[in-house]
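The structure under discussion appears below in the form of structure tokens.
The values are calculated or read from the model by the stated rules, or taken from the named source; none is laboratory data. Note that the structure is predicted; figures quoted are calculated from it, not measured. Heads up, the Cβs are rebuilt from the backbone with ideal geometry, glycines too, and the neighbour counts pull from every protein chain shown. Quick note on the areas: whole protein, heavy atoms, side chains included, nothing else; ligands and nucleic acids left out. Shrake-Rupley method; radii C 1.70, N 1.55, O 1.52, S 1.80 Å.
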Amino acid sequence: MNDKPNIQELLQTSSNLGIDIVILDENDSKQFIKRIIDIYKPFKITGHLSIGEETLNIPLEENEYSYSKYLKSEPAYIFFDQESRDKNTVVVVEDAKLIGKLMENSYGMEYFVSNEKSDFLIAVNWYVIEVAGSAKDPLTNLK
């Protein structure tokens with residue numbers, strides 16, 4: 001049985017596409033997620049994920065699979081709804097620019113993205129891409 005559907009989907013898709021990903025162990029994942037939540041205090045970490053105030057809002061429809069091309073080429077840390085079976089799990093994608101390709105070839109999912117330094121947070125939900133921190137500047141023109 002599939003305990004963590006988003007994780008399993010990303011593992012399969014990344015393997016098919018030749019994109020390197022790593023799943024952090026549960027303790028490291030919990031610490032990373034807690035740090036992000038403490039810094040950004042997202043409005044919703046369950047349901048339709050949302051950062052809330054002081055964010056750049058980008059329309060999902062035309063940017064869902066292309067926004068990541070504007071991010072720095074660095075490892076991206078992805079995590080999910082904190083009441084789902086995927087809670088307390090962080091997926092590290094080798095290059096943030098590849099998130100769009102990975103998600104375009106996976107079934108739809110809502111997720112948060114950050115980096116090792118935690119200097120930005122992106123929430124992708126069914127309606128909008130919300131951006132906080134250092135990722136605002138490279139994504140500003142996508143409005």
Next on the checklist: Can you give me the Kirkwood hydrodynamic radius for region 5-133, using every pair of distinct Cα atoms, in Å to one decimal?
Outcome noted: 14.4
Checklist outcome for this item: Surpassing 22 Å at the alpha-carbon level, of the pairs K4/K69; K30/K101; K72/K136; K41/K117; K30/K69; K34/K101, are K4/K69; K30/K101; K30/K69; K34/K101
Checklist outcome for this item: So for R0 = 25 Å, FRET eff. of E94-Q31 from the Cβ-Cβ r, to 0.05, ends up at 0.75
Next on the checklist: Out of the GluC sites (Glu not before Pro) in region 32-61, which ones are loop residues according to DSSP with at most 14 other C-beta atoms within 10 Å?
Outcome noted: E53, E54
Checklist entry - Label point 7 Å out from E61 along Cα-to-Cβ: which residues of region 129-143 have amide N under 14 Å? => result 129
Checklist entry - Taking 0.36 nm per residue of separation and subtracting the Cα-Cα distance, what length does fully extending Y127 through E54 add? => result 24.5 nm
Checklist entry - Which of I99, N6, I37 sits closest to the plus end of the dipole of the chain, meaning its Cα is farthest towards the positive end, when Lys and Arg get +1 and Asp and Glu get -1 on the C-beta? => result I37
Checklist entry - In nm, to one decimal, how far is the N16 label point from the D38 one, both placed 7 Å along Cα→Cβ? => result 3.9
Checklist entry - Okay, helix-only estimate at 222 nm for the chain: each DSSP H run of n ≥ 4 adds -39500 (n - 2.57), divide by all residues, round to 500 deg cm²/dmol; what do you get? => result -8000 deg cm²/dmol
Item to check | Student exercise, region 5-133 dipole from Lys, Arg, Asp, Glu Cβ charges, in Debye to nearest 20 | outcome: 160
Checklist entry - Per the 1.4 Å probe, what fraction of the accessible area of the chain, in percent, lies on carbon and sulfur atoms? => result 47
Next on the checklist: Please compute the modelled spin-label separation between R85 and S118, points set 7 Å along Cα→Cβ, answer in nm with one decimal.
Outcome noted: 2.9
Checklist entry - Counting other Cβ atoms within 10 Å, which chymotrypsin sites (Phe, Trp or Tyr not before Pro) in region 1-110 have at most 13 and lie in a DSSP loop? => result Y107
Checklist entry - Shape call for region 91-141 from the C-alpha gyration tensor, a ≥ b ≥ c root eigenvalues: rounded (a/c under 1.5), prolate (a/b greater than b/c) or oblate? => result oblate
Item to check | Among K44, K117, K87, residue whose mean-square fluctuation peaks in a GNM of the chain (springs only between Cα atoms under 10 Å) | outcome: K117
Checklist entry - What does the accessible area per residue of the chain come to in Å², with a 1.4 Å probe and no ligands, DNA or RNA counted? => result 52
Checklist entry - Taking region 101-143, which GluC sites (Glu not before Pro) meet the DSSP loop condition and have no more than 16 other C-beta atoms within 10 Å? => result E116
Item to check | For the chain, built as a Gaussian network whose Cα springs stay under 10 Å, the top-fluctuating residue of L98, L17, L71 | outcome: L17
Checklist entry - Hey, what do the phi angles of region 115-124 turn into as Karplus ³J(HN,Hα) couplings, whole Hz, using 6.51/-1.76/1.60 and θ = phi - 60°, x for Gly and Pro? => result 10, 4, 7, 6, 8, 8, 9, 10, 10, 10
